[in-house]
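Structure first, then comments.
The values are calculated or read from the model by the stated rules, or taken from the named source; none is laboratory data. Computed from a prediction, not measured in an experiment: that's the story for all the values here. Note that each Cβ is placed from the backbone with ideal geometry, even for glycine, and that neighbours are counted across all protein chains shown.
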Amino acid sequence: MNRQDSPGPATQRRRRTERSEENEGGGYGGDHPHDAADSRGNMETMVKKLVRLALACEYQRRPIRRTDISEKVLGTAGARKFKDVFLQSQLRLRSVFGMEMVELPAREKVTLAQKRAAQSQSQSKSAPASYILISVLPTQFHDSVILPPPAVPSQVEESKYISIYTTLISLISLSGGQLNETKMHRYLRRLQMEDNTPVAGYNKTENLLKRIERENYLVKVKEVVGTGDEDVYWTVGPRGRVEVGDDGVAGLTKAVYGEMDEEGEAELDRRIARSLALNERVLPSKAREAKDAGGGQKARGRKKKGRREEEEGESSQEEEEE
């Protein structure tokens, strides 16, 4: 047999060729180190873009829409990279700015037409459509000295604006979640804001309310009632529910009442919880369990009572027979 016909050297040459191709391609699958570096670089770029987008939207009090993230951050990467970019951006926002993105809830369905439309829509859970930024700093750091109002146009003007919408949100929340137009004007009159406001650039109350509504702190609802008249009332908007929320309402209420003894503070807490219906919303399962337990006890009581009546009837019947 000739040396050229021997399979050994040819096999070795093939193995050397395969190893050289693998080394040139960076391993199986053709993943070159430069490709991995480019991928990490693209990820870092998208994370920076999303952080900048979130900060810019929050500065303007605009929601961070998922469509804007896809168009301005992800680009051609599309939904494949959304989860990774979002998680990395959350880590960057928390560690550097002490903030994070949270889902902005949809507007509450309050009118009959809105509730019917919601029932007709699909019940499948969809991905959040928009987000806003909130602080993740501990409660002890939630102080105006540490977290001052924005400096544009000025801290004084922003403080006025924040105070006004927080007060209106609290009034609506403590009134059961809705406040009709007549009561709203009554409260504005008590605040000396029936026609004019102290906020620069918004001398007319109507213009300031439009801004508050546009930024989703409040929602003005118009509903046609059975008589053909229009019922107008105000509810808390999505941003108001997230940014202020029940904690903000309770904090403002306690600040208005001032310092109190322990008994008075406990009573105030109970009144706030009752007005905000906190027990019903926070512990609905326990409320249902208590209701079911109470219903079961009543049913058992009725059964025992029925058995006693039956026994008494039988004993009386036996006495009559004797």
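Residues of segment 176-208 that are closer than 20 Å to Arg61 by Cα and touching a Phe, Trp or Tyr at 6+ places or on another chain (Cβ under 9 Å): Val199, Tyr202, Leu208. Pairs meeting the criteria (first residue in segment 155-181 and free of Cβ contacts under 8 Å to residues at least 24 places away in the same chain, second residue part of a helix (DSSP H, G or I), beta carbons under 7 Å, at least 6 apart or on different chains) are Leu171/Tyr187. If you go through segment 209-232 one residue at a time, how many are β-branched (Val, Ile, Thr) and over 30 Å from Cys57 (Cα atoms)? Here the count works out to 4.
Ser135: outside the structural domain of Glu58 (by TED's automatic domain parsing), of a type in the set (S, T, N, Q) and modelled with pLDDT under 95, yes or no?
Numbers: outside the structural domain of Glu58 (by TED's automatic domain parsing): no; of a type in the set (S, T, N, Q): yes; modelled with pLDDT under 95: yes.
The answer is no for Ser135.
Taking the criterion of being out of contact with any helix residue (DSSP H, G or I) (no Cβ under 8 Å at 6 or more places or on another chain) and aliphatic (A, V, I, L, M), the only residue of segment 55-83 that qualifies is Ala56. Residue count for segment 64-109, restricted to those that are part of a loop (DSSP other than H, G, I, E, B) and of a type outside the set (Gly, Ala, Ser): 5.
Out of the residues in segment 180-235 that are part of a loop (DSSP other than H, G, I, E, B) and loosely packed, with under 11 Cβ neighbours inside 10 Å, state the one that is modelled with the highest pLDDT.
So in segment 180-235, the residues part of a loop (DSSP other than H, G, I, E, B) come out as 191-195, 197-203, 215-217, 225-229.
Then keep just the ones that are loosely packed, with under 11 Cβ neighbours inside 10 Å; that gives 192, 225-229.
On the way: Gln192: 94, Val225: 79, Gly226: 75, Thr227: 78, Gly228: 76, Asp229: 82.
Out of the qualifying residues, it is Gln192.
Tell me, yes or no, whether segment 114-128 has at least one residue that is modelled with pLDDT of 95 or more, surrounded by 13 or more Cβ atoms within 10 Å (Cβ to Cβ) and either farther than 27 Å from Ala255 by Cα or not assigned by TED's automatic domain parsing to the domain that holds Pro63 (or both).
Taking segment 114-128 and keeping what is modelled with pLDDT of 95 or more, we get none.
No, every residue in segment 114-128 fails to be modelled with pLDDT of 95 or more, surrounded by 13 or more Cβ atoms within 10 Å (Cβ to Cβ) and either farther than 27 Å from Ala255 by Cα or not assigned by TED's automatic domain parsing to the domain that holds Pro63 (or both).
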